[in-house]
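Input: a single structure, listed below in C-alpha coordinates.
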Amino acid sequence: MKDRIEQMQTKAQALPRARLGFFPTPLHRLDRLSEQLGVNLYIKRDDLTGMNLFGGNKIRKLEYLMGDIVRQGYDTVLTYGAVQSNHAMQTATACRRLGLHPVLCLNPCSERDARNVRANLLLNRILGAEVHVLDYVPDEPEAQMKRRRQALGRARMDELAREGRRCCELPSGGASAMGSVGYVMGYAELMAQCLALRIAPDYVFSATGTGGTLGGMVGGHLALGDRARVIGIADSPLDDDYEQQSADLCNGALALLGSDARATAADIHVDRGYYAPGYEQPSDIGTRAIHLMARQEGLMLDPVYTGKAFAGLLDWVRQGKVKPGSTVVFWHTGGVSALFADREITGPIGEA
Ligand SMILES: Cc1ncc(COP(=O)(O)O)c(C=O)c1O
(Lines give C-alpha, C1' and ligand atoms only; values in the text may rest on other atoms or scores of the structure.)
Protein backbone atom coordinates (compact mmCIF):
# COMPACT_ATOMS: atom_id res chain seq x y z
CA MET A 1 0.00 0.00 0.00
CA LYS A 2 2.81 2.42 0.96
CA ASP A 3 4.51 1.88 -2.43
CA ARG A 4 1.25 2.43 -4.31
CA ILE A 5 0.59 5.67 -2.42
CA GLU A 6 4.09 6.92 -3.24
CA GLN A 7 3.68 6.02 -6.91
CA MET A 8 0.44 8.02 -7.05
CA GLN A 9 2.09 10.97 -5.35
CA THR A 10 4.92 10.91 -7.88
CA LYS A 11 2.45 10.85 -10.79
CA ALA A 12 0.46 13.74 -9.30
CA GLN A 13 3.61 15.85 -9.20
CA ALA A 14 3.55 15.98 -12.99
CA LEU A 15 0.22 17.88 -12.91
CA PRO A 16 0.01 21.64 -12.42
CA ARG A 17 -1.06 22.49 -8.87
CA ALA A 18 -1.68 25.77 -7.07
CA ARG A 19 -0.84 25.36 -3.39
CA LEU A 20 -3.90 26.80 -1.67
CA GLY A 21 -4.81 24.68 1.34
CA PHE A 22 -3.20 23.09 4.38
CA PHE A 23 -2.56 19.40 3.81
CA PRO A 24 -2.67 16.76 5.14
CA THR A 25 -5.87 17.63 6.98
CA PRO A 26 -6.16 15.92 10.38
CA LEU A 27 -7.65 12.44 10.80
CA HIS A 28 -8.71 11.72 14.36
CA ARG A 29 -10.90 9.41 16.38
CA LEU A 30 -14.22 10.51 17.83
CA ASP A 31 -13.96 8.73 21.17
CA ARG A 32 -17.31 9.56 22.70
CA LEU A 33 -19.34 8.83 19.58
CA SER A 34 -17.33 5.65 18.95
CA GLU A 35 -18.32 4.39 22.37
CA GLN A 36 -21.98 5.33 21.92
CA LEU A 37 -22.28 3.82 18.44
CA GLY A 38 -20.19 0.71 19.05
CA VAL A 39 -17.89 1.39 16.09
CA ASN A 40 -14.43 2.85 15.69
CA LEU A 41 -15.38 6.26 14.31
CA TYR A 42 -12.79 8.59 12.76
CA ILE A 43 -13.26 11.97 11.14
CA LYS A 44 -11.24 13.34 8.21
CA ARG A 45 -11.16 17.07 8.73
CA ASP A 46 -11.52 18.61 5.28
CA ASP A 47 -13.42 21.38 7.03
CA LEU A 48 -9.87 22.46 7.91
CA THR A 49 -8.44 22.58 4.37
CA GLY A 50 -8.22 26.38 4.59
CA MET A 51 -7.54 28.61 2.78
CA ASN A 52 -9.34 30.70 5.38
CA LEU A 53 -11.72 29.77 8.16
CA PHE A 54 -14.36 28.64 5.66
CA GLY A 55 -12.65 25.68 4.05
CA GLY A 56 -14.03 22.48 2.66
CA ASN A 57 -13.75 19.88 -0.07
CA LYS A 58 -13.58 22.34 -2.94
CA ILE A 59 -10.07 23.47 -2.00
CA ARG A 60 -8.61 20.06 -2.92
CA LYS A 61 -10.28 20.30 -6.34
CA LEU A 62 -9.30 23.92 -6.81
CA GLU A 63 -5.60 23.22 -6.23
CA TYR A 64 -5.51 21.24 -9.48
CA LEU A 65 -8.12 23.29 -11.35
CA MET A 66 -6.41 26.56 -10.54
CA GLY A 67 -2.97 25.13 -11.25
CA ASP A 68 -4.20 24.38 -14.77
CA ILE A 69 -5.91 27.78 -15.12
CA VAL A 70 -2.79 29.69 -14.09
CA ARG A 71 -0.64 27.57 -16.42
CA GLN A 72 -2.93 28.46 -19.32
CA GLY A 73 -2.60 32.17 -18.58
CA TYR A 74 -6.23 33.04 -17.75
CA ASP A 75 -6.87 36.21 -15.75
CA THR A 76 -10.58 35.64 -14.92
CA VAL A 77 -12.56 32.63 -13.68
CA LEU A 78 -16.34 32.33 -14.09
CA THR A 79 -18.22 29.62 -12.26
CA TYR A 80 -21.73 28.55 -11.32
CA GLY A 81 -23.68 27.43 -8.27
CA ALA A 82 -26.59 28.04 -5.93
CA VAL A 83 -26.65 31.36 -4.07
CA GLN A 84 -25.03 29.72 -1.03
CA SER A 85 -22.64 27.56 -3.09
CA ASN A 86 -19.47 26.61 -1.22
CA HIS A 87 -17.73 25.94 -4.51
CA ALA A 88 -18.49 29.46 -5.76
CA MET A 89 -17.26 31.09 -2.55
CA GLN A 90 -14.11 28.97 -2.44
CA THR A 91 -13.42 29.68 -6.12
CA ALA A 92 -13.61 33.41 -5.32
CA THR A 93 -11.22 32.83 -2.41
CA ALA A 94 -8.75 30.92 -4.58
CA CYS A 95 -8.96 33.55 -7.33
CA ARG A 96 -8.04 36.27 -4.85
CA ARG A 97 -5.01 34.33 -3.62
CA LEU A 98 -3.82 33.91 -7.20
CA GLY A 99 -4.59 37.44 -8.41
CA LEU A 100 -7.46 36.41 -10.72
CA HIS A 101 -10.86 38.07 -11.16
CA PRO A 102 -13.75 35.90 -9.79
CA VAL A 103 -17.16 35.98 -11.54
CA LEU A 104 -20.00 33.97 -9.97
CA CYS A 105 -23.33 33.16 -11.68
CA LEU A 106 -25.68 31.97 -8.97
CA ASN A 107 -29.24 30.66 -8.79
CA PRO A 108 -31.53 31.31 -5.80
CA CYS A 109 -33.23 28.22 -4.33
CA SER A 110 -36.16 30.32 -3.03
CA GLU A 111 -37.59 33.82 -3.23
CA ARG A 112 -34.93 36.08 -1.73
CA ASP A 113 -34.62 39.51 -0.26
CA ALA A 114 -31.69 41.16 -2.05
CA ARG A 115 -30.77 43.06 1.13
CA ASN A 116 -30.39 39.84 3.10
CA VAL A 117 -26.73 39.07 2.46
CA ARG A 118 -25.57 36.22 4.68
CA ALA A 119 -23.17 33.28 4.91
CA ASN A 120 -21.37 32.57 1.58
CA LEU A 121 -23.09 35.47 -0.17
CA LEU A 122 -21.64 37.75 2.50
CA LEU A 123 -18.20 36.18 2.09
CA ASN A 124 -18.45 36.70 -1.69
CA ARG A 125 -19.17 40.37 -1.05
CA ILE A 126 -16.19 40.69 1.31
CA LEU A 127 -14.02 38.99 -1.32
CA GLY A 128 -15.23 41.51 -3.88
CA ALA A 129 -16.35 38.80 -6.29
CA GLU A 130 -18.43 39.83 -9.29
CA VAL A 131 -21.77 38.19 -8.47
CA HIS A 132 -24.72 37.72 -10.84
CA VAL A 133 -27.92 36.22 -9.41
CA LEU A 134 -30.63 34.74 -11.66
CA ASP A 135 -34.24 35.73 -11.15
CA TYR A 136 -36.11 33.14 -9.10
CA VAL A 137 -38.78 31.24 -11.03
CA PRO A 138 -40.95 29.11 -8.69
CA ASP A 139 -41.22 25.40 -9.63
CA GLU A 140 -38.80 25.81 -12.53
CA PRO A 141 -37.35 22.45 -13.65
CA GLU A 142 -33.69 22.23 -12.69
CA ALA A 143 -32.52 21.61 -16.25
CA GLN A 144 -34.22 24.80 -17.40
CA MET A 145 -32.71 26.81 -14.53
CA LYS A 146 -29.26 25.46 -15.44
CA ARG A 147 -29.76 26.51 -19.08
CA ARG A 148 -30.71 30.05 -18.00
CA ARG A 149 -27.75 30.17 -15.60
CA GLN A 150 -25.34 29.08 -18.28
CA ALA A 151 -26.77 31.58 -20.76
CA LEU A 152 -26.13 34.32 -18.19
CA GLY A 153 -22.57 33.09 -17.73
CA ARG A 154 -21.84 32.77 -21.44
CA ALA A 155 -23.18 36.28 -22.12
CA ARG A 156 -20.89 37.66 -19.41
CA MET A 157 -17.95 35.70 -20.84
CA ASP A 158 -18.55 37.31 -24.24
CA GLU A 159 -18.50 40.75 -22.61
CA LEU A 160 -15.32 39.91 -20.70
CA ALA A 161 -13.68 38.78 -23.94
CA ARG A 162 -14.62 42.10 -25.56
CA GLU A 163 -13.05 43.85 -22.55
CA GLY A 164 -9.83 41.99 -23.37
CA ARG A 165 -9.98 39.52 -20.48
CA ARG A 166 -9.02 35.83 -20.73
CA CYS A 167 -11.83 34.07 -18.89
CA CYS A 168 -11.96 30.38 -17.96
CA GLU A 169 -15.35 28.76 -17.28
CA LEU A 170 -15.46 26.25 -14.41
CA PRO A 171 -18.44 23.88 -14.04
CA SER A 172 -20.55 24.06 -10.88
CA GLY A 173 -18.97 22.15 -8.03
CA GLY A 174 -15.66 22.12 -9.93
CA ALA A 175 -16.98 18.82 -11.28
CA SER A 176 -14.33 17.82 -13.81
CA ALA A 177 -11.68 15.16 -14.15
CA MET A 178 -8.96 17.62 -13.12
CA GLY A 179 -10.97 18.60 -10.02
CA SER A 180 -11.44 14.97 -9.04
CA VAL A 181 -7.67 14.45 -9.11
CA GLY A 182 -7.75 16.41 -5.83
CA TYR A 183 -9.86 13.68 -4.25
CA VAL A 184 -7.98 10.74 -5.72
CA MET A 185 -4.98 12.27 -3.99
CA GLY A 186 -7.04 13.12 -0.91
CA TYR A 187 -7.93 9.44 -0.62
CA ALA A 188 -4.25 8.52 -0.89
CA GLU A 189 -3.58 11.04 1.89
CA LEU A 190 -6.26 9.38 4.05
CA MET A 191 -4.80 5.91 3.47
CA ALA A 192 -1.29 7.12 4.35
CA GLN A 193 -2.70 8.43 7.64
CA CYS A 194 -4.56 5.17 8.26
CA LEU A 195 -1.32 3.23 7.74
CA ALA A 196 0.45 5.45 10.27
CA LEU A 197 -2.40 4.93 12.77
CA ARG A 198 -2.48 1.16 12.00
CA ILE A 199 -6.15 1.22 11.10
CA ALA A 200 -7.91 -0.09 7.99
CA PRO A 201 -11.31 1.55 7.41
CA ASP A 202 -14.23 -0.71 6.56
CA TYR A 203 -16.33 2.29 5.49
CA VAL A 204 -15.71 5.83 4.29
CA PHE A 205 -18.78 8.08 4.27
CA SER A 206 -19.03 11.44 2.51
CA ALA A 207 -21.69 13.87 1.33
CA THR A 208 -22.09 13.83 -2.44
CA GLY A 209 -23.48 16.50 -4.77
CA THR A 210 -21.97 16.97 -8.21
CA GLY A 211 -20.14 13.66 -7.77
CA GLY A 212 -16.55 14.82 -8.27
CA THR A 213 -15.54 14.36 -4.65
CA LEU A 214 -17.00 10.86 -4.41
CA GLY A 215 -15.65 9.93 -7.86
CA GLY A 216 -12.18 11.01 -6.77
CA MET A 217 -12.39 9.04 -3.52
CA VAL A 218 -13.52 5.93 -5.40
CA GLY A 219 -10.65 6.47 -7.84
CA GLY A 220 -8.18 6.55 -4.96
CA HIS A 221 -9.79 3.44 -3.49
CA LEU A 222 -9.60 1.52 -6.79
CA ALA A 223 -6.02 2.58 -7.46
CA LEU A 224 -4.92 1.52 -3.97
CA GLY A 225 -7.11 -1.57 -3.59
CA ASP A 226 -7.87 -1.05 0.11
CA ARG A 227 -10.82 -2.81 1.73
CA ALA A 228 -13.10 0.17 2.50
CA ARG A 229 -16.59 0.63 1.07
CA VAL A 230 -16.86 4.26 -0.01
CA ILE A 231 -20.43 5.53 0.44
CA GLY A 232 -21.80 8.84 -0.82
CA ILE A 233 -24.85 10.29 0.93
CA ALA A 234 -26.80 12.39 -1.58
CA ASP A 235 -27.51 16.05 -0.80
CA SER A 236 -30.29 16.32 -3.41
CA PRO A 237 -32.42 14.22 -5.80
CA LEU A 238 -29.65 13.08 -8.12
CA ASP A 239 -29.97 12.15 -11.80
CA ASP A 240 -30.71 8.50 -12.61
CA ASP A 241 -27.34 8.20 -14.35
CA TYR A 242 -25.51 9.90 -11.47
CA GLU A 243 -23.39 6.83 -10.69
CA GLN A 244 -22.17 6.78 -14.32
CA GLN A 245 -21.43 10.53 -14.23
CA SER A 246 -19.41 10.10 -11.05
CA ALA A 247 -17.60 7.07 -12.54
CA ASP A 248 -16.74 9.18 -15.60
CA LEU A 249 -15.21 11.87 -13.35
CA CYS A 250 -13.34 9.13 -11.49
CA ASN A 251 -11.97 7.62 -14.70
CA GLY A 252 -10.96 10.99 -16.11
CA ALA A 253 -8.99 11.71 -12.95
CA LEU A 254 -7.34 8.28 -12.97
CA ALA A 255 -6.34 8.79 -16.62
CA LEU A 256 -4.79 12.19 -15.81
CA LEU A 257 -2.79 10.45 -13.08
CA GLY A 258 -1.63 7.76 -15.51
CA SER A 259 -3.38 5.01 -13.51
CA ASP A 260 -4.79 1.93 -15.25
CA ALA A 261 -7.56 1.50 -12.66
CA ARG A 262 -11.07 2.25 -13.91
CA ALA A 263 -14.53 2.50 -12.29
CA THR A 264 -17.92 1.46 -13.58
CA ALA A 265 -21.21 2.81 -12.26
CA ALA A 266 -21.36 -0.28 -10.01
CA ASP A 267 -18.30 1.00 -8.09
CA ILE A 268 -20.12 4.20 -7.09
CA HIS A 269 -22.27 3.62 -4.01
CA VAL A 270 -24.78 6.39 -3.37
CA ASP A 271 -27.55 6.40 -0.79
CA ARG A 272 -30.33 8.81 -1.79
CA GLY A 273 -32.26 8.28 1.44
CA TYR A 274 -31.29 11.28 3.55
CA TYR A 275 -31.61 14.58 1.64
CA ALA A 276 -35.40 15.04 2.06
CA PRO A 277 -37.24 17.35 1.86
CA GLY A 278 -34.75 18.77 -0.66
CA TYR A 279 -31.46 20.49 -1.40
CA GLU A 280 -30.75 23.40 0.97
CA GLN A 281 -33.85 22.43 2.97
CA PRO A 282 -33.46 21.46 6.61
CA SER A 283 -34.62 18.14 8.03
CA ASP A 284 -35.14 16.70 11.51
CA ILE A 285 -32.52 14.01 10.98
CA GLY A 286 -30.00 16.59 9.76
CA THR A 287 -30.68 18.87 12.71
CA ARG A 288 -30.35 15.95 15.16
CA ALA A 289 -27.05 14.89 13.57
CA ILE A 290 -25.68 18.45 13.82
CA HIS A 291 -26.68 18.60 17.50
CA LEU A 292 -25.22 15.16 18.25
CA MET A 293 -21.83 15.98 16.71
CA ALA A 294 -21.70 19.37 18.43
CA ARG A 295 -22.88 18.13 21.82
CA GLN A 296 -20.81 14.93 21.95
CA GLU A 297 -17.64 16.04 20.18
CA GLY A 298 -17.72 19.86 19.99
CA LEU A 299 -17.50 19.80 16.17
CA MET A 300 -19.66 21.68 13.69
CA LEU A 301 -21.46 20.15 10.72
CA ASP A 302 -23.54 22.06 8.19
CA PRO A 303 -27.27 21.77 7.37
CA VAL A 304 -26.94 21.21 3.60
CA TYR A 305 -24.26 18.52 3.21
CA THR A 306 -22.39 17.16 6.21
CA GLY A 307 -25.32 17.17 8.67
CA LYS A 308 -27.40 15.00 6.34
CA ALA A 309 -24.39 12.83 5.41
CA PHE A 310 -23.67 12.19 9.07
CA ALA A 311 -27.37 11.41 9.62
CA GLY A 312 -26.98 8.76 6.91
CA LEU A 313 -23.91 7.27 8.61
CA LEU A 314 -25.75 7.15 11.96
CA ASP A 315 -28.69 5.39 10.34
CA TRP A 316 -26.44 2.82 8.65
CA VAL A 317 -24.90 2.05 12.05
CA ARG A 318 -28.26 1.90 13.84
CA GLN A 319 -29.75 -0.37 11.19
CA GLY A 320 -26.74 -2.72 11.48
CA LYS A 321 -25.71 -2.10 7.85
CA VAL A 322 -22.38 -1.15 9.43
CA LYS A 323 -21.39 -4.06 11.69
CA PRO A 324 -20.54 -3.31 15.34
CA GLY A 325 -16.78 -2.90 15.81
CA SER A 326 -16.25 -1.67 12.21
CA THR A 327 -13.76 1.10 11.52
CA VAL A 328 -15.65 3.97 9.93
CA VAL A 329 -14.31 7.26 8.55
CA PHE A 330 -16.66 10.21 8.24
CA TRP A 331 -15.18 12.61 5.70
CA HIS A 332 -16.08 16.13 6.82
CA THR A 333 -16.32 18.12 3.59
CA GLY A 334 -16.78 21.55 5.21
CA GLY A 335 -19.53 23.99 4.29
CA VAL A 336 -19.99 25.19 7.84
CA SER A 337 -20.64 28.81 6.79
CA ALA A 338 -24.20 27.57 6.03
CA LEU A 339 -24.82 27.54 9.79
CA PHE A 340 -25.11 31.31 9.35
CA ALA A 341 -27.43 31.23 6.34
CA ASP A 342 -31.18 32.01 6.32
CA ARG A 343 -33.51 29.99 8.49
CA GLU A 344 -34.97 28.38 5.34
CA ILE A 345 -31.58 26.65 5.04
CA THR A 346 -30.55 26.20 8.68
CA GLY A 347 -33.91 25.12 10.12
CA PRO A 348 -34.28 25.19 13.90
CA ILE A 349 -30.60 24.40 14.69
CA GLY A 350 -30.54 27.21 17.24
CA GLU A 351 -33.52 25.89 19.17
CA ALA A 352 -33.67 23.12 21.81
C1 LIG B 1 -19.69 20.99 2.09
C2 LIG B 1 -19.85 20.16 0.87
N3 LIG B 1 -19.82 18.83 1.01
C4 LIG B 1 -19.97 18.01 -0.06
C5 LIG B 1 -20.19 18.52 -1.32
C6 LIG B 1 -20.37 17.57 -2.46
O7 LIG B 1 -19.24 17.59 -3.28
P8 LIG B 1 -19.36 17.23 -4.83
O9 LIG B 1 -20.10 18.36 -5.47
O10 LIG B 1 -17.97 17.12 -5.30
O11 LIG B 1 -20.12 15.97 -4.93
C12 LIG B 1 -20.24 19.91 -1.50
C13 LIG B 1 -20.52 20.46 -2.84
O14 LIG B 1 -20.87 21.56 -3.04
C15 LIG B 1 -20.06 20.75 -0.39
O16 LIG B 1 -20.08 22.08 -0.51
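Key figures
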| read-out | value |
| --- | --- |
| Every pair of residues 6+ apart whose Cβ atoms lie under 9 Å, when the first sits in segment 140-169 and is under 29 Å from Glu111 (Cβ atoms) while the second is among the charged types (D, E, K, R) and in a helix (DSSP H, G or I) | Glu140/Arg148; Glu169/Arg154 |
| One residue from Asp240, Asp271, Asp267 being at pLDDT below 95 and more than 10 Å from the ligand (Cβ to nearest atom) | Asp240 |
| Residue count for segment 256-289, restricted to those that are in contact with an Asp or Glu (Cβ under 9 Å, 6 or more places away or on another chain), more than 23 Å from Pro348 (Cα to Cα) and aliphatic (A, V, I, L, M) | 5 |
| Candidate set: segment 315-352, residues that are small (Gly, Ala, Ser) and more than 13 Å from the ligand (Cβ to nearest atom); chosen: the one farthest from Tyr279 (Cα to Cα) | Gly325 |
| Enumerated strands (runs of 3 or more DSSP E) restricted to segment 127-225, each holding at least 2 residues that are within 24 Å of the chain's Cα centre (by Cα) and surrounded by 24 or more Cβ atoms within 10 Å (Cβ to Cβ) | 203-208 |
| Failed item, numbered, when Val83 is tested on (1) within 14 Å of the ligand (Cβ to nearest atom); (2) without any contact (Cβ under 8 Å) to a residue 12 or more places away in the chain | (2) |
| Any helices (runs of 4 or more DSSP H) falling wholly within segment 236-319 and containing at least 1 residues that are within 30 Å of Pro16 (Cα to Cα) | 242-256, 306-318 |
| Of all residues making up segment 252-263, the number that are surrounded by 22 or more Cβ atoms within 10 Å (Cβ to Cβ) and in contact (Cβ under 8 Å) with a residue 60 or more places away in the chain | 3 |
| From the options Asp135, Asp139, Asp75, Asp113, residue that is on the phi > 0 side of the Ramachandran plot, among the charged types (D, E, K, R) and more than 16 Å from the ligand (Cβ to nearest atom) | Asp139 |
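The values are calculated or read from the model by the stated rules, or taken from the named source; none is laboratory data. The shown structure was predicted, so the numbers you read here are calculated from the model rather than taken from an experiment. Note that each Cβ is placed from the backbone with ideal geometry, even for glycine, and that neighbours are counted across all protein chains shown.
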